[in-house]
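Read the structure below first, then the notes.
The values are calculated or read from the model by the stated rules, or taken from the named source; none is laboratory data. Since this is a predicted model, take the numbers as computed values, not measurements. A quick note on method: Cβ atoms are made from the backbone with ideal geometry, for glycine too, and the neighbour counts reach across all protein chains shown.
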Amino acid sequence: MTKTPKKSWLAIPPWIVLGAIIVLVPIFLFWTVQNIRKQKESMSLLLYEKGAALIRSFEAGTRTGMMGMMGGMRGSGFQLQRLLVETAQQPDIVHLLVTDIEGNILAHSDGQKIGNTYGRDLDLEELARLEKPRWRRIITPDGTEAFEVFRRFSPTQTPGRRFGRTQHARPMDPSQERWAEEQKFVIFVGLEMDTVEQAGRRDIRQSILTAAVLLLIGFAGIVLLFLAQAYRSTRTSLTRIKAFSEKVVESMPIGLLTLDNAGTVITMNHAAEAALGISSGAVLGARAGEALPKPLWALLNNPGTGKWMIGREIEVTNSQGRVVPLDVSISFLEDEEGAFLGHIILFRDLTEVQNLKREIETSRRLASLGRLAAGIAHEIRNPLSSIKGFATYFKERYADVPEDKGTAEIMIKEVERLNRVISQLLEFARPMTVARRPASPQDLIRHSLKMIQRQALEKEIRIRTDLPEEVQEVSMDPDRVNQVLLNLYLNSIEAMEKGGELTVDLQPAVGRGGIEISVSDTGAGIRKQDLTHIFDPYFTTRPSGTGLGLAIVHNIMESHKGEVRVESEPGKGTKVTLYFPG
């Protein structure tokens, strides 16, 4: 035998994993991309705000020395250049410069670049009119990337609200303002991106790591939900299987006992209780050697007992003192590794089987006896006919001799009695056949009673009947039923020595359809120990009886698929009830 691999409820189907990946990965991938994009936007906004703040602070610084700055703009440019260089000393500033709309550098954080051109790839004239800064990413001459913020350079103007905050400046000379309005300048601030990019890369790595962790958590959550559902389904299935198994065990038509490896009884079904005559409450949890019958326990302790015993028959005495024959099968319970777990005991009560065997054996003997009786009856009837013929001849010949005539009459009666016995024997031996047809039970009972009126009158027996007309016809063989009733009437008349009452009742069968005919007498009755044998062939309590009358009655009722019930009490009479199905 091959072992079937165990299926754990922890096994995860591949489609669950694939489904979780299909659902979760796009979600967390989109979330990560969006997070990285927002971080880049935040980084750009941070640099943008920083550049714009530097431009505003530089403009504020130039207002304090506008006259010098104008001079610088017209010629020397010393004061503006010096302020620009000092401002550019702040960390993370790559360059700081001011150009006119032609792109000529008027001031630069690197003084050597004054006079060069810058920003001619932009529309400087348009930029000189913008109040709101713009930005771009550039590659510096040394090959590094910088973030550049630029807009109109207007140190003489003071916007009321710019970039979310209010700025104030002291009043300027009208000639200065007029000069500044005539001149158009653009300021550029270049900022280093290394520090911000490093922080951005750290944030991106952190975002990716966070997304991976969340992905794993989401995947684990889905798996846990599936496992919880699988566990619940498995537990429900196990509960149903357990209930079904318990029901199967309790409903088994054979007895079942299970013992653990310590010899303790752990299971006992109803069939085992009925066979052993003990309740499961008194056995479960008890040691098998103390709770089970000794012959059954002896099988378990037999050193020669193998792992299987099938067909061993034993006899045990149950708690009611009845000897019960059992067909016992015992096997070992083992786990997959072969470790001993206990015993399982199956047994079947053989009482009915043995009774059936005895009945079959009796039937065989009766069948053989029937065949023998038929042969003997055939051989006997011929001589009996001759004897009766001679007896009749002698009766007529010696009619004038009373003694001889009486002897001849006795011979004739005995021959007739022998013929009746032989007829009953043949009737009992041959297969019973019935010709059923609808018949009135009232008419049948009245007709049968007419045939025994003379015998009843001779013994002063009263006949009482209760035959309600509302009882409907039933299907039966009138001749066979008449034979049954005559047998019962004659038995009742013989049971009453002098006087008495014979009662015949007819009534519908309650709860199952059909009719019931009861024949009661007030005769001697039947002893309790004889009631179980009254339908046996050749069993009789009367010296003149043949023992075949009630046996024939029983056969006829079985042929009608009916029943015969007998109630009797010695000294008070007997009641026989016949049931005919509708």
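Here is a yes/no grid of residues against (1) at pLDDT below 90; (2) surrounded by 18 or more Cβ atoms within 10 Å (Cβ to Cβ); (3) at positive phi; (4) in contact with a helix residue (DSSP H, G or I) (Cβ under 6 Å, 6 or more places away or on another chain):
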| position | (1), (2), (3), (4) |
| --- | --- |
| R480 | yes, yes, no, yes |
| Y489 | no, yes, no, no |
| D521 | no, yes, no, yes |
| I526 | yes, yes, no, no |
| T532 | yes, no, no, no |
| P537 | yes, yes, no, yes |
| G549 | yes, yes, no, yes |
| H560 | yes, yes, no, no |
| T574 | no, yes, no, no |
| query | Here is a list of conditions, (1) under 30 Å from I114 (Cβ atoms); (2) under 37 Å from the mean Cα position of the chain (by Cα), and A275 meets all of them except one; can you say which number that is? | reply | (1)
| Just for strands (runs of 3 or more DSSP E) wholly inside segment 434-545: which have at least 2 residues that are without any contact (Cβ under 8 Å) to a residue 24 or more places away in the chain? | none
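Table: residues versus (1) farther than 16 Å from V316 by Cβ; (2) touching a residue at least 60 places away in the same chain (Cβ under 8 Å).
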| residue | (1), (2) |
| --- | --- |
| V223 | yes, yes |
| R232 | yes, no |
| S237 | yes, no |
| T264 | yes, no |
| M268 | no, no |
| E290 | no, no |
| K294 | no, no |
| Unmet requirement for R420, which otherwise passes all of (1) at pLDDT below 90; (2) assigned by TED's automatic domain parsing to the domain that holds E558 | (2)
| request: Collect the residues in segment 297-335 that are aliphatic (A, V, I, L, M), surrounded by 10 or more Cβ atoms within 10 Å (Cβ to Cβ) and modelled with pLDDT of 80 or more, keeping them in residue-number order. | output: I314, V316, V324, L326, V328, I330
| task | Mind counting the residues in segment 239-256 that are assigned to a helix (DSSP H, G or I) and touching a residue at least 40 places away in the same chain (Cβ under 8 Å)? | result | 0
| remark: Restricting segment 318-342 to residues that are touching a Ser or Thr at 6+ places or on another chain (Cβ under 7 Å) and not β-branched (V, I, T), the one farthest from S279 (Cα to Cα) turns out to be G342
| said: Here is a list: G338, G406, G375, G342. Which entry is loosely packed, with under 15 Cβ neighbours inside 10 Å, within 30 Å of L256 (Cβ to Cβ) and not hydroxyl-bearing (S, T, Y)? | reply: G338
| Matching residues in segment 81-117 - criterion: being of a type in the set (V, I, T) and closer than 22 Å to R56 by Cβ | V85, T87, I93, V94, V98, T99, I101, I105
| task | Take segment 368-405 and flag every residue that is in contact (Cβ under 8 Å) with a residue 12 or more places away in the chain and under 60 Å from the mean Cα position of the chain (by Cα). | result | L369, G370, R371
